Amino acid sequence: MKNQYDTITAEIIQNSLQAAADEMFAALRHTAMSAIIYEVLDMGTGITDKYGELAGSGAGIPAFVGVLDKSVKQVILKYNKPGEVEPGDIFITNDPYTGGVTHLNDVILVMPVFAEGEIVAWAANIAHWNDVGGAVPGSMSTNATEIFQEGMILSAIKLFSKGQPIRSVFDILTANCRMPDFLTGDLWAGVASVRVGERRVTEIVDKYGKDVFLRAVEEYLDYGEKVSLNAIKRLPKGVYELVEPQDNGPDYKVKVEITDNEFIIDLSDNPDQDKWPFNMSRDETITACQIAFKGVTSPERIANGGTFRPLKVITRHGSVFDPIYPAAMGIYYEITIRVHDLIFRCLAEKIPELLPAGGFASVCGTLFGGIHPDTGRPYAVIEPELGGWGGSPHGDGNSGQFSALHGETYNCPAEVAEARYGVTVDYLSFHDEEGGAGFHRGGKGVRIDYRIRSDNAWLTVAYTRSKVLPWPLLGGESGSANHVIIARANGEKERYSVVTGLTLNTNDIIRVMSGTGAGWGNPLERPVEKVVEDVKNGYVTPEAAEKSYGVVVDPLTLKVLRYTGGRKQ
């Protein structure tokens with residue numbers, strides 16, 4: 001009954017919010033124009049409470065869902081006078097310094113939900129747009145030194161007023177994009193999504209009453225906090241520290257302190273902000289820490305604003321994890337993964353019986369574009385790539401998955417890539433590069449060959465874990481490197497992990513080689529039958545079986561010929 005509160009009603013409201021966020025996700029996916037959204041699912045949706053605390057999250061990239069509450073809070077902060085936010089308003093932001101959190105390609109829409117003249121919730125979504133202007137196609141350059149070079153900056157501005165689009169804002173958006181038709185399609189998909197959220201939350205409030213709704217949301221956040229506190233009590237208490245070198249030279253440092261009721265991550269002792277775009281906003285640093293915190297506390301339970309109350313994150317303003325405006329942030333995502341992986345490694349080396357070895361731990365964002373040979377239209381795309389996860393106490397690492405921070409996404413099918421982009425996908429399989437041997441081996445990385453079909457195409461990549469390899473545990477072996485090989489049509493080959501605007505021509509091949517995860521435990525203790533099975537399946541070459549596992553296998557008969565390297569028969 002309306003206005004009557006009980007625990008069953010509260011749970012129905014809480015689950016209804018989750019369903020509403022999921023429906024927002026479906027609306028965005030099914031109406032978007034870009035394959036990065038509707039195929040790869042490079043997006044996220046959520047509903048917050050009236051103050052901007054996450055109350056219901058849809059599917060999508062965890063690092064994206066964790067952005068939405070911070071974006072809503074910036075809108076609340078900016079439009080804080082009576083009458084500045086009205087029913088039907090929609091706001092747009094991509095500025096990492098004012099609620100955009102990530103980088104300029106990731107565009108966030110925020111819509112208030114009113115009941116009885118009062119804001120009771122917000123609906124929000126985020127999605128990657130292919131191009132938002134800037135110095136290079138695709139709007140992401142490893143050479144950018146200021147955020148102004150990375151595209152148009154939307155600092156939490158009003159896009160719709162009382163349900164009507166503000167035409168001048170739309171005109172600014174399309175005039176500053178190399179692919180205005182894709183921008184327009186993806187923008188309206190985002191609008192449809194937040195409107196779905198607004199409508200569903202309104203229905204919930206109308207059914208149960210405003211006061212009951214607000215109380216149910218508040219108790220749900222309190223429950224999230226209790227789950228986290230209970231999980232922290234089960235963790236080993238103490239202070240854990242780690243220093244890790246990075247591919248580009250500097251060391252990253254982390255100190256994690258676990259008490260009875262707090263989980264403190266101190267990142268203050270880290271390098272000054274990067275001259276180039278390898279920086280991340282403080283809000284994004286918090287998001288990375290939240291995901292790591294969730295992963296080691298209660299990954300199977302709910303995640304909402306209350307979940308992260310016991311988490312404290314310390315940064316230094318002016319550092320790579322908390323840069324000063326207008327530092328560039330186009331490649332923020334690799335730094336996000338570095339922070340997440342740094343925290344996990346710090347804890348895993350102290351409690352390896354609970355956590356896995358290191359994975360390929362990179363988005364392996366592969367940006368390429370040019371003129372489509374069939375349509376004559378420009379295309380630009382970013383493809384996150386699959387790779388291998390580290391072996392764990394429970395078994396071998398997952399093969400051919402996105403990194404943990406980039407979960408809930410899918411690789412773009414070859415048929416879609418070939419139809420929408422100016423490429424042919426010649427090859428997709430697990431590769432046989434060495435790495436990741438262990439009692440539980442690392443999951444395999446992949447090889448993907450994109451064949452360019454027109455001249456004057458371009459490629460931009462920024463992979464990490466290309467020099468400092470995925471880290472093993474308890475005697476396992478390191479994983480393999482993330483890198484790209486350019487196989488030119490004339491037979492020449494080039495290798496890259498970071499490059500911007502590399503010119504490609506017809507029949508040049510972009511060969512992505514993502515990392516294999518690291519091994520967990522001594523490879524010489526891996527059961528022989530599993531080594532033979534790995535050789536049979538092509539996960540391990542006969543040479544690697546002998547070198548790392550001490551097992552000589554006949555590749556034709558799959559019989560074990562002898563043992564080497566100290567392995568006992």
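Order 39-46, 424-431 from most to least packed using the mean count of other Cβ atoms within 10 Å. All intermediate terms of the calculation are to be shown ahead of the outcome.
Numbers: 39-46: 26.9, 424-431: 16.1.
With the highest mean Cβ count within 10 Å placed first, the list reads 39-46, 424-431.
Please compute one quarter of the surface area of the Cα convex hull for the chain and express it in square nanometres.
Details: hull surface 107.3 nm².
Quarter of the Cα hull surface area: 26.8 nm².
Assuming 0.36 nm per residue, please report the length gained on full extension of the stretch GLU529 to ALA19 beyond their Cα-Cα distance. Write down the numbers at each step before the final one.
Numbers: separation 510, 0.36 × 510 = 183.60 nm, distance 4.57 nm.
My answer for the length gained is 179.0 nm.
Averaging the inverse of every distinct alpha carbon separation and then flipping it gives the Kirkwood radius. What is it for the stretch 300-432, in angstrom units? Numbers along the way, then the final one.
Values: mean 1/r = 0.0553 Å⁻¹.
One over the average 1/r among Cα pairs gives 18.1 Å for the stretch 300-432.
Spin-label point model (7 Å from Cα, Cβ direction): what's the ILE324 to LYS207 distance in nm?
Distance between label points: 5.3 nm.
Cut-off is 10 Å between beta-carbons; in what order do TYR410, TYR97 appear when sorted fewest neighbours first? Could you put the intermediate results ahead of the total?
Details: TYR410 12, TYR97 19.
So the ranking, lowest neighbour count to highest, is TYR410, TYR97.
Distance check, please: which entries in LYS50/LYS162; LYS210/LYS233; LYS50/LYS226; LYS350/LYS568 exceed 27 angstrom between their Cα atoms?
Working: LYS50/LYS162 19 Å; LYS210/LYS233 35 Å; LYS50/LYS226 21 Å; LYS350/LYS568 29 Å.
Exceeds cut-off: LYS210/LYS233; LYS350/LYS568.
On a C-alpha basis, how far is the centre of the stretch 1-73 from the centre of the stretch 386-430 in Å? Whole number, if you could?
25
Could you work out the Rg to Rh ratio of the stretch 527-569, with Rh taken as the Kirkwood radius (inverse of the mean 1/r over all Cα pairs)?
Values: Rg = 8.9 Å, Rh = 9.8 Å.
We get a ratio of 0.90 for the stretch 527-569.
Using the basic label-point model (7 angstrom from Cα toward the beta carbon), what is the GLU434 to GLU84 distance in nanometres?
The modelled label-to-label distance comes out at 6.2 nm.
Given R₀ = 51 Å, FRET efficiency for ILE8-ASP272 by Cβ-Cβ distance, to 0.05?
Numbers: r = 54 Å, r/R0 = 1.06.
With a Förster radius of 51 Å, E is 0.40.
If each of LEU235 and ASP251 carries a label point 7 Å out from its Cα toward its Cβ, how far apart are those two points in nm?
2.3
Give the separation of the Cα centroids, the stretch 480-523 to the stretch 338-384, in Å.
If we compute the Cα centre of each part, the gap is 14 Å.
Which order do ILE371, ILE448 fall in if you start with the one that has the fewest other Cβ atoms within 10 Å? Walk me through the intermediate numbers first.
On the way: ILE371 16, ILE448 24.
The fewest-first ordering by Cβ neighbours comes to ILE371, ILE448.
What is the gain in length, in nm to one decimal, between VAL243 and ASP455 on full extension, counting 0.36 nm per residue of separation less the C-alpha to C-alpha distance?
Working: separation 212, 0.36 × 212 = 76.32 nm, distance 4.45 nm.
Here the segment from VAL243 to ASP455 would lengthen by 71.9 nm.
In percent, what relative contact order does the chain have, based on Cα pairs under 8 Å that are 6 or more apart in sequence? Kindly include the intermediate steps, with their values, before the conclusion.
Numbers: 1554 pairs, mean separation 70.4, N = 569.
Contact order relative to length: 12 percent.
Return the equivalent ellipsoid semi-axes of the stretch 353-525 as a descending list in whole Å, where each equals the square root of 5 times an eigenvalue of the C-alpha gyration tensor. Walk me through the numbers on the way to the answer.
On the way: eigenvalues 211, 44, 29 Å².
With the √(5λ) rule applied to the stretch 353-525, the semi-axes are 32, 15, 12 Å.
With no solvent and one point on each alpha carbon, what is the Debye value of log10 I(q)/I(0) for the stretch 23-120 at q = 0.19 Å⁻¹?
Cα-only, vacuum Debye calculation for the stretch 23-120: -0.94.
What's the extension gain from ARG488 to THR564 if we count 0.36 nm per residue and subtract their Cα-Cα distance?
23.3 nm
Quick check: Cα centre of the stretch 93-172 to Cα centre of the stretch 221-261, how many Å?
If we compute the Cα centre of each part, the gap is 31 Å.
Fewest to most neighbouring Cβ within 10 Å: what's the order for LEU459, LEU229? Working shown, then result.
Values: LEU459 23, LEU229 18.
The fewest-first ordering by Cβ neighbours comes to LEU229, LEU459.
Over every pair of different alpha-carbon atoms in the stretch 228-336, take the mean of 1/r and invert it; report that Kirkwood radius in Å. Write down the numbers at each step before the final one.
On the way: mean 1/r = 0.0684 Å⁻¹.
Result for the stretch 228-336, one decimal place: 14.6 Å.
Once the Cα atoms of the stretch 144-224 are picked out, what are the Rg and Dmax in Å?
Gyration radius and largest Cα-Cα distance of the stretch 144-224: 18.2, 52 Å.
Using mean Cβ contacts within 10 Å as the protection proxy, how do 381-388, 261-268, 19-26 order, highest first? Could you put the intermediate results ahead of the total?
Details: 381-388: 26.9, 261-268: 18.1, 19-26: 22.1.
Most protected by this proxy first, the peptides run 381-388, 19-26, 261-268.
Coordinate-derived values only; no laboratory data. Being a predicted model, the structure only gives us computed values, none of them experimental. Positions of Cβ are backbone-derived with ideal geometry, glycine not excepted, and every protein chain shown enters the neighbour counts.
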